[in-house]
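Trainee: Before I ask anything, here is the structure I am working with.
No value in this document is a laboratory result; all are computed from the given coordinates. Remember, it's a predicted structure, so these values are computed and weren't measured experimentally. Neighbour counts are summed over all protein chains in view; Cβ atoms, including those assigned to glycine, are modelled from backbone coordinates with ideal geometry.
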Amino acid sequence: MKIKIGLLGYGKTGRVVAQNLRSDKRFALVFVAKNKVTKPDEFDFVVKSKEFIGELVKRFEPDVVVDLTTPDAVMLNINTLPEKTSYIIATTGFTDVQINKIKEYDHLKVLYAANISDGINVVIKACELLNQIWNHADVEIVEQHFKDKKDSPSSTAKKIAKAFNRKVPIHSIRAGGIVGIHEIILATNNQKITLKHESFNKDVFAEGVKRAAIWLMNKECGFYEIDEVYHY
């Protein structure tokens with residue numbers, strides 16, 4: 001039986017995720033919610049205004065709802081979800097206050113992903129290991145994204161920095177159409193280690209969404225983070 005997905009947000013990333021889900025026989029994209037619906041006939045799945053998210057979830061009964069909108073929209077969307085909904089938040093830029101508020105929705109299965117790609121989560125695990133065995137090195141992070149990205153530094157860079165359990169300088173670059181590059185530099189007086197992750201396209205997020213959806217479906221209600229999915 002196919003896993004039914006409801007998608008909130010149909011921007012650049014949302015379109016890629018939708019196309020990827022449609023091409024995977026394991027999944028069924030049952031609806032997409034966006035700000036405005038101008039040409040509903042251009043889609044072969046249901047597209048509705050995001051004002052009616054609660055009704056959409058009740059009507060189509062998705063196994064997992066994936067939110068690719070914005071932090072402010074997420075704080076509104078989460079209020080509309082029925083009890084025990086599996087809800088993946090795959091967007092960035094949240095404040096600590098917002099994250100703490102999301103954790104209060106313990107009647108839902110909530111998975112928060114600052115970056116849902118598997119590669120970046122492998123890098124984070126590597127940084128945790130380096131922090132244990134090479135913690136005398138200086139560490140700095142350089143992150144690059146497209147020029148219109150709203151948060152700076154990226155939530156992913158902040159997540160990487162936390163792996164070192166100390167203050168790590170983060171340098172942000174916003175230029176052109178860069179999908180995402182994170183470079184971690186560890187250096188002593190005599191040598192240097194560099195870790196680098198680069199996303200070539202937004203399909204990495206679609207693959208991450210699918211893996212996270214499969215993982216979340218059978219969990220109990222509560223708050224989870226993406227590193228629990230990639231528990232190597």
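Trainee: Measure nothing but the geometry: give the 0 to 90° angle between the long axis through the Cα atoms of 203-217 and the longest principal axis through the Cα atoms of the chain, rounded to 10°.
Mentor: 70 degrees
Trainee: Oh, and also: Given the convex hull of the Cα atoms of the range 142-208, what is a quarter of its surface area in nm²?
Mentor: 5.3 nm²
Trainee: Here's a follow-up. Which one, 214, 95, 177, is farthest towards the positive end of the dipole of the chain when Lys and Arg carry +1 and Asp and Glu -1 on their Cβ?
Mentor: Toward the positive end, the furthest listed residue is 177.
Trainee: Take 231, 197 and order them by how many other Cβ atoms sit within 10 Å, fewest up front.
Mentor: The fewest-first ordering by Cβ neighbours comes to 231, 197.
Trainee: What residues have an amide H closer than 5 Å to that of residue 65, excluding those fewer than 5 places away on the same chain, when H is modeled at 1.01 Å from N in the peptide plane?
Mentor: 6, 86, 87, 88
Trainee: Taking Cα pairs under 8 Å and at least six residues apart, what relative contact order does the chain come out at, in percent?
Mentor: Averaging sequence separation for qualifying contacts and normalising by length gives 20 percent for the chain.
Trainee: Cross-link candidates for residue 158: which lysines have Cα within less than 20 Å, leaving aside residues fewer than 8 places away along the same chain?
Mentor: Hits, sequence-local ones excluded: 101, 103, 125, 147, 149, 150, 167, 196.
Trainee: A further question on this structure: Go ahead and collect, in residue order, the members of the range 8-33 whose backbone nitrogen is under 19 Å from a label point 7 Å along the Cα-Cβ direction of residue 59.
Mentor: So the set is 8-10, 28-33.
Trainee: With the Cα gyration tensor of the range 186-232 giving a ≥ b ≥ c as the square roots of its eigenvalues, does the rule (a/c under 1.5 for rounded; else a/b larger than b/c for prolate; else oblate) give rounded, prolate or oblate?
Mentor: oblate
Trainee: So, one more: Each residue of the range 24-31 in turn: what ³J(HN,Hα) in whole Hz from Karplus with 6.51, -1.76, 1.60 and θ = phi - 60°, glycine and Pro shown as x?
Mentor: Coupling constants for the range 24-31: 9, 5, 7, 10, 10, 7, 8, 7 Hz.
Trainee: If you don't mind, there's one more thing I want to ask. Say the dipole of the chain comes from +1 at the beta carbon of Lys and Arg and -1 at that of Asp and Glu; which of 200, 124, 190 then lies farthest toward its positive end?
Mentor: Going by the charge dipole, the pick is 200.
Trainee: Still on this structure, please answer the following. Please turn the phi angles of the range 168-180 into ³J(HN,Hα) values with the Karplus equation 6.51 cos²θ - 1.76 cosθ + 1.60 (θ = phi - 60°), one per residue in order, whole Hz, x for glycine and proline.
Mentor: Working through the residues one at a time gives 10, x, 10, 10, 10, 10, 10, 7, x, x, 4, 5, x Hz.
Trainee: Looking at the range 118-199, send over the antiparallel percent of its DSSP beta bridges, to the nearest 5.
Mentor: 75 percent
Trainee: By the scheme Lys and Arg +1, Asp and Glu -1, what is the net charge of all other residues having a beta-carbon under 11 Å from that of residue 173?
Mentor: Residues close to residue 173 contribute a combined charge of +1.
Trainee: How much of the DSSP bridge set in the chain is antiparallel, in percent, rounded to the nearest 5?
Mentor: That works out to approximately 35 percent antiparallel.
Trainee: Note down the net charge around residue 2, summing +1 for each Lys or Arg and -1 for each Asp or Glu among other residues with Cβ under 10 Å from its Cβ.
Mentor: So the environment of residue 2 carries a net charge of +1.
Trainee: While we're looking at this one, here's another question. Report, by chain and number, residues whose modeled amide H sits under 5 Å from the one on residue 116, excluding near sequence neighbours (fewer than 5 apart, same chain).
Mentor: none
Trainee: By how many nm would the segment from residue 132 to residue 19 lengthen if fully extended, with 0.36 nm per residue of separation less the alpha-carbon distance?
Mentor: Length gained between residue 132 and residue 19: 36.6 nm.
Trainee: What distance in nm separates the two pseudo spin-label positions at residue 122 and residue 189, each 7 Å out from Cα along the beta-carbon direction?
Mentor: 3.6 nm
Trainee: Shape verdict for the chain, please, from the Cα gyration tensor: rounded (a/c under 1.5), prolate (a/b greater than b/c) or oblate.
Mentor: Prolate, because a/c is 1.5 or more and a/b exceeds b/c.
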